[in-house]
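The values are calculated or read from the model by the stated rules, or taken from the named source; none is laboratory data. On a predicted model such as this, the values are computed, not experimentally measured, just so you know. Neighbour counts run over all protein chains shown; Cβ positions are idealised from the backbone, glycine included.
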Amino acid sequence: MPFAATPDPPYTAVIFSSVRRGGDADGYLDTARRMEELAAEQPGYLGIESARDAGLGISVSYWADEAAARAWKGVAEHLVAQQRGRTEWYADYRVRVATVSRDYGMA
């Protein structure tokens, strides 16, 4: 999976860490795919990187600024998915919002 194409900092990162309850209860994977598609349609969306191993999942979505990230949190279809996550899919989760001030790598 390639890295998200992000601009020069600063920009906002929303880090979503989760522990699933198990199984694909009522379309979890379909909903996760739909949320990625829907997020990509939002103003200020820059990309996403996700990984899951041994029960722990981490997804980092990147946004032009905190206002864009906050607006995504309030999108109606995303609100429904959040509620299902709390009641059906996650044993635990944590959301962290950060400003990226440096961005570098091998390339």
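For segment 4-16, filtered to residues that are among the hydrophobic types (A, V, I, L, M, F, W, C) and not in a strand (DSSP E or B), the residue that is modelled with the highest pLDDT is Ala4.
Among residues of segment 33-43 being farther than 26 Å from Tyr104 by Cβ and in contact (Cβ under 8 Å) with a residue 12 or more places away in the chain, the one that is surrounded by the most Cβ atoms within 10 Å (Cβ to Cβ) is Met35.
Yes or no, residue by residue, for (1) among the hydroxyl-bearing types (Ser, Thr, Tyr); (2) without any contact (Cβ under 8 Å) to a residue 40 or more places away in the chain; (3) part of a helix (DSSP H, G or I):
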position	(1), (2), (3)
Pro2	no, yes, no
Ser18	yes, no, no
Thr31	yes, no, yes
Gly57	no, no, no
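All of Ala67, Ala54, Ala81 fail the test of being among the hydrophobic types (A, V, I, L, M, F, W, C), out of contact with any Pro (no Cβ under 6 Å at 6 or more places or on another chain), loosely packed, with under 14 Cβ neighbours inside 10 Å and modelled with pLDDT of 95 or more, apart from Ala67. Checked against (1) within 30 Å of Gly23 (Cα to Cα); (2) without any contact (Cβ under 8 Å) to a residue 40 or more places away in the chain; (3) not in a loop (DSSP other than H, G, I, E, B), Leu46 passes all but a single condition, namely (2).
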